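A short write-up of the structure that comes next.
Derivation of every value follows stated rules applied to the coordinates shown; laboratory data play no part. From a predicted model like this one, the values you see are computed outputs, not experimental measurements. All Cβ positions, glycine included, derive from the backbone under ideal geometry; neighbour counts span all protein chains shown.
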Amino acid sequence: GENVEQHPSTLSVQEGDSAVIKCTYSDSASNYFPWYKQELGKGPQLIIDIRSNVGEKKDQRIAVTLNKTAKHFSLHITETQPEDSAVYFCAASKNKLSFGAGTTVTVRA
Amino acid sequence: EAQVTQNPRYLITVTGKKLTVTCSQNMNHEYMSWYRQDPGLGLRQIYYSMNVEVTDKGDVPEGYKVSRKEKRNFPLILESPSPNQTSLYFCASSIGRSSGANVLTFGAGSRLTVL
């Protein structure tokens, strides 16, 4: 089955700086790559997703890039704010979602 | 409000005492699933259901049972809980019949401790 690796496991950034989380996947047939954000005490919530026919997608301060050849995709958060502090999960899917282990992001004021 | 509701949110129990975690969604979603979240392991799928009376094993089904008698409900049953089932559990649903390329809506989570 699909294996998704996510790095780093923890990330601390100064408010206003950028944060980057990287994921790799094993199944070249995967064609859907969502990112979920989990705030403290809540369930994960989709923040952005990308499909394999697209190389990059942006939504305000967040962007995702996909390199199908290398089988990796990344989440970029610019101008980080305290409310960006959360656990972020990447996932990859052909027919079934497989999640990465998560990255705990802390934005320092 | 469209949501997935899990109960209980917190539970401490003892080894061997059967328990059920309920999950209900009000979005008329076809697909429902249970995940467990453990540090360093991310979200791992326990069981899923593509429709009423249709359930299947996920990646870590041992020690769990589920049922889907109604479209809106998908309870998770631990017949004889053991300490290694101490975890944070999430129920999720999506409009499509798989988690493949559909947005999952998660519940708020149920933190279970088995002593």
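Computed from Cα atoms alone, the Kirkwood hydrodynamic radius reported for segment A:54-103 is 12.4 Å.
The label point for residue B:80 and the one for residue A:54, both projected 7 Å from the Cα toward the Cβ, are 4.9 nm apart. Each Lys and Arg contributes +1 and each Asp and Glu -1, all at the Cβ; summed about the Cα centre of the protein assembly as shown, the dipole is approximately 500 debye. Here the 3J(HN,Hα) profile of segment A:73-82, calculated from phi with Karplus coefficients 6.51, -1.76 and 1.60 at θ = phi - 60°, is 9, 9, 10, 10, 10, 9, 6, 4, 10, x Hz, Gly and Pro shown as x.
All other residues whose Cβ lies under 13 angstrom from that of residue B:42 are scored, Lys and Arg at +1 and Asp and Glu at -1, for a net of -2. Think of each Lys and Arg Cβ as +1 and each Asp and Glu Cβ as -1; about the Cα centre, that makes the dipole of chain B roughly 200 debye.
Each Lys and Arg adds +1 at its Cβ and each Asp and Glu adds -1 at its Cβ; summed about the Cα centre, chain A shows a dipole of about 340 debye. Listed by chain and number, the lysines whose alpha-carbon sits under 25 Å from that of residue A:96, ignoring those within fewer than 8 places in the same chain, are A:22, A:37, A:42, A:57, A:58, A:68, A:71, B:57, B:65, B:69, B:71.
Measuring gaps between exposed loop sites in chain A (GluC sites (Glu not before Pro); DSSP loop; at most 16 other Cβ atoms within 10 Å), the longest gap, sites not included, is A:40-78. Once Rh for the protein assembly as shown is found with the Kirkwood sum over Cα pairs, what is the Stokes-Einstein diffusion coefficient at 37 °C and 0.692 mPa s, in µm²/s? Diffusion coefficient, whole number: 183 µm²/s. Roughly speaking, what is the centre-to-centre gap between segment B:78-99 and segment A:33-109 when only Cα atoms are used, to the nearest Å? Segment B:78-99 and segment A:33-109 have Cα centres separated by 22 Å.
Local charge for residue A:73 was computed over the other residues whose Cβ lies under 12 Å away, with Lys and Arg +1 and Asp and Glu -1, and equals +2. Comparing B:77, B:95, B:12 in a Gaussian network model of chain B where C-alpha atoms under 10 Å apart are linked, the largest mean-square fluctuation is found at B:12. Taking all Cα pairs closer than 8 Å and separated by 6 or more residues, the relative contact order of segment B:10-115 comes to 36 percent.
Rg/Rh, computed from the Cα trace of chain A with Rh as the Kirkwood radius, has the value 0.96. Above 19 Å, the calculated P(r) of chain B contains 39 percent of its Cα-Cα pairs.
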